[in-house]
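Below you'll find the structure, written out as structure tokens, and then a few comments.
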Amino acid sequence: MLHDLNIWILGGDKRQVILGQLLSEDGHTVHFYGVEQYPHIPNDCKLESTLDGVGKADCVFLPLPVSKDNETLFTPLSSLSISLVSLFQQLSPSQLLFGARATVPVTQFLSQYQLNLLDYSTREEFSIANAIPTAEGAIQLMMEELPITIHQSNVLVLGFGRIGRILADRLSALGAKVTVAARRYDSLTWATVWGYDTEMSTHLSRWLCRYDCVVNTIPAPILTHQELEGMKEGCLVVDLASLPGGVDHFAASELGIHTIHALSLPGKVAPTTAGKIVRDTAYHMLEELERSRKEELV
């Protein structure tokens, strides 16, 4: 793998700072920009006041997500407004550029400047590892918001992908009565094999009245007004799906249903773990790039 890289980390939340700390501990030279409001920048890293020098970086890490408005970098730990266009103008196609969840407009900007984004969020190992802090964060929210224990509560998990599987497992271990809803028969069969009750997600409105909590992992409209109006009084809805989510939050508000759209939980509840996941995934990608280059030389 490549060693002693000159790395710039731009914007992002606490997990980006942890990422920089881990990379520095591994022997890389790390520069931060756009995180000046974070109180504990590692001593062996450099907090830059300008982007001068970013063009000389071997590797640049953009935040997760890269942008929330398609015009500026995502910088929750900074008062700076970093224009994507002005940033991309200073980068070159030869630089390794890591980032995650870039929207179509952002990828168009990248293409305009012939920049190739190495999107670590599309990697399977990243998604699997990230599902663990997401599931634990969801359970933390449930413990904080529900007036009852997880033990003996009736919980519905919508979707049985990576997050759904880990979440159902953790909830069951805490004594919850878990039901899994999915649209694919193979997913429902796996859920049955693992001991959960199952229902088809296409018929939600008929039987939501018995749950104390519903956790959605499906990134598509799944809980509309019709489904929500049949919920049990006091039911908590936790939406883990990426924007725009799978819950009609306006309808839920009208119906008096407590909903939480819990985005970016790994960075909030376990930033150290989340930073390590990003580092490890980036290393895997770098190792593959180096292997590919060596094979081309043979």
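In table form, for the structure just shown:
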| read-out | value |
| --- | --- |
| Considering residues of the range 72-107 that are within 17 Å of G12 (Cα to Cα) and small (G, A, S) only, the residue surrounded by the fewest Cβ atoms within 10 Å (Cβ to Cβ) | S79 |
| Set S201, S187, S242: member being touching a Lys or Arg at 6+ places or on another chain (Cβ under 8 Å) and surrounded by 18 or more Cβ atoms within 10 Å (Cβ to Cβ) | S201 |
| Qualifying residue in the range 2-13 (condition: crowded, with 17+ Cβ neighbours inside 10 Å, at pLDDT below 95, in the same structural domain as E287 (by TED's automatic domain parsing) and of a type in the set (D, E, K, R)) | yes |
| Test for S67: is it among the small types (G, A, S), closer than 23 Å to V35 by Cα and surrounded by fewer than 19 Cβ atoms within 10 Å (Cβ to Cβ) | no |
| Residue count, the range 275-298 (criterion: at pLDDT 85 or above, over 15 Å from V60 (Cα atoms) and hydrophobic (A, V, I, L, M, F, W, C)) | 2 |
| Selection from the range 245-298 of residues that are surrounded by fewer than 12 Cβ atoms within 10 Å (Cβ to Cβ) and part of a loop (DSSP other than H, G, I, E, B) | G256, V298 |
| The range 178-205, subset touching a strand residue (DSSP E or B) at 6+ places or on another chain (Cβ under 7 Å) and assigned to a helix (DSSP H, G or I), residue farthest from A168 (Cα to Cα) | L204 |
| Test: residue in the range 16-28 that is in a helix (DSSP H, G or I), of a type in the set (G, A, S) and closer than 17 Å to V60 by Cβ | yes |
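The values are calculated or read from the model by the stated rules, or taken from the named source; none is laboratory data. Quick caveat: nothing in here was measured; it's all calculated off a predicted structure. Every residue, glycine as well, gets a Cβ built from its backbone with ideal geometry; the counts of neighbours run over all protein chains shown.
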